1. Please identify the pairs in which a residue from the stretch 19-30 that is under 9 Å from L149 (Cβ atoms) and in contact (Cβ under 8 Å) with a residue 24 or more places away in the chain has its Cβ atom under 8 Å from the Cβ atom of a residue that is among the aromatic types (F, W, Y) and surrounded by 14 or more Cβ atoms within 10 Å (Cβ to Cβ), counting only partners at least 6 apart or on another chain.
2. Looking only at the stretch 47-73, filter to residues that are modelled with pLDDT of 70 or more and among the hydroxyl-bearing types (S, T, Y); which one of those is surrounded by the fewest Cβ atoms within 10 Å (Cβ to Cβ)?
3. Please find, among I17, I83, the residue that is at pLDDT 70 or above, farther than 22 Å from N116 by Cβ and either surrounded by 15 or more Cβ atoms within 10 Å (Cβ to Cβ) or of a type in the set (A, V, I, L, M, F, W, C) (or both).
4. Looking only at the stretch 20-45, which residues are open to solvent by 50 Å² or more (accessible area, probe 1.4 Å) and either under 18 Å from I130 (Cβ atoms) or not aliphatic (A, V, I, L, M) (or both)?
5. Listed residues G277, G322, G297; which is closer than 17 Å to I354 by Cα, open to solvent by less than 50 Å² (accessible area, probe 1.4 Å) and among the small types (G, A, S)?
6. Select from the stretch 361-381 the residues that are open to solvent by less than 10 Å² (accessible area, probe 1.4 Å) and under 22 Å from the mean Cα position of the chain (by Cα) and list them in ascending order.
7. So is Q142 in a helix (DSSP H, G or I), within 27 Å of D94 (Cα to Cα) and in contact with a Ser or Thr (Cβ under 6 Å, 6 or more places away or on another chain) or not?
8. Output the residue which, of all residues in the stretch 228-248 that are within 27 Å of G320 (Cα to Cα) and of a type in the set (A, V, I, L, M), is most open to solvent (accessible area, probe 1.4 Å).
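The values are calculated or read from the model by the stated rules, or taken from the named source; none is laboratory data. Bear in mind the structure is a predicted one, so any value in this text is a computation, not a measurement. Cβ: placed from backbone, ideal geometry, glycine included. Neighbour counts: every protein chain shown. Accessible surface areas use protein heavy atoms only, side chains included; no ligands, DNA or RNA. Shrake-Rupley method; radii C 1.70, N 1.55, O 1.52, S 1.80 Å.
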Amino acid sequence: MTPFNRLINWRYTLIGIAILIVAASLFYTSNLTANLAKEERKKVKLFAEGIKTIANAKNNEEISLATNVITQDSTIPRIITDIDGNIQDLKAIDTNGVKNVNQFLQNKIQEFKSTNAPIRVNFTYGTVIIYYGESKLLSRLQFFPYAQLAIISVFLIIVILSLSTAHKSIQNQVWIGLSKETAHQLGTPISSIEGWIELLKLEYPENTHILEMQNDIERLKLVADRFGKIGSNPPLIKEDIVVRLNDMVNYMQKRAPGKVKISFETDANPLIGLICGPIFDWVIENLIRNALDAMEGKGQIHIHLSNKGQQILIDISDTGKGIPKHIQQKVFTPGFSTKKRGWGLGLTLSKRIIENYHKGQLFIKYSEAQKGTCFRIMLPK
């Protein structure tokens, strides 16, 4: 499993834990709220019984006991009306600063009716109706899970962002270390082979094969230089991209199978852009090599360069087998490869070179099974 996949699994794990916490909190709070609501209704019923007792009391002792009951709780808002809707009394409702008190109380009655069924109290001299709402504690408790959800969501976002940043940092360090070490390791054999070629030149000055070997050594030195530039901040220089693409097409055509044709066209010549030549060539070479692998020995690769306002567009298309839709989003993922051999870093490094160093974009423009693929590079001027 790649580090990227492990990071994705960690994300899903954290999201799952957060969902479980919120679900458990909602379940617990829901039960707690329901029980508290039952207790408050019992208190209101007890209050109603107290009113009824006072109305029908036969001695002072009953009145005193009932008065203690109805004054015991002052947290539940209540409005008491007669049978005709005339307000008789209020409990735990603040009307200070209210301009139209009657309208305010009527609105409260409607609000209480939508929350709790009113309680009717019948006694000898008439009937009253008690409308009641929820205490502040109950109201706050109902919103607690949502506050908890917000806090957990913020925490989860921070953790995921931190993991992503840490993953990218580690990934950068690994790539930089690998690149630097590769450049260092290539240096020694390249120098040695270069010395042997010089000796061969002295002994066989007319041998054209030695010249080709020299060209390949120069190419190896260029590859080592590319690896050495990864992780550094190579300067971007104004260069004619037409010339660089022409050179890459000529170089790759010589190394392509005989049944593969690599073509190049442009609508602007010259076309100057800010690039780091060695690693830019690496990207083009890597995309062409991928296209060659996709065509399996025959077909066409076409490179189109165009000038679009403040952007330079490079489309590299092939007539290969295409990339299935379900893996198109994965081709730039470190370690992902459809080849039996390979580390799955080519497209990843290419994307980093274009986007991190050149501040451009590299993406799949289109791909269709058995018809081919087109990668697009977008560079700022």
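1. Hits for this filter: S25/F144.
2. S64
3. Only one candidate passes the filter, namely I17.
4. Listed by number, the residues that qualify are F27, Y28, S30, N31, N35, K38, E39, R41, K42, K43, K45.
5. Unique residue meeting the criteria: G277.
6. Answer for the stretch 361-381, where residues must be open to solvent by less than 10 Å² (accessible area, probe 1.4 Å) and under 22 Å from the mean Cα position of the chain (by Cα): just L362.
7. yes
8. V243
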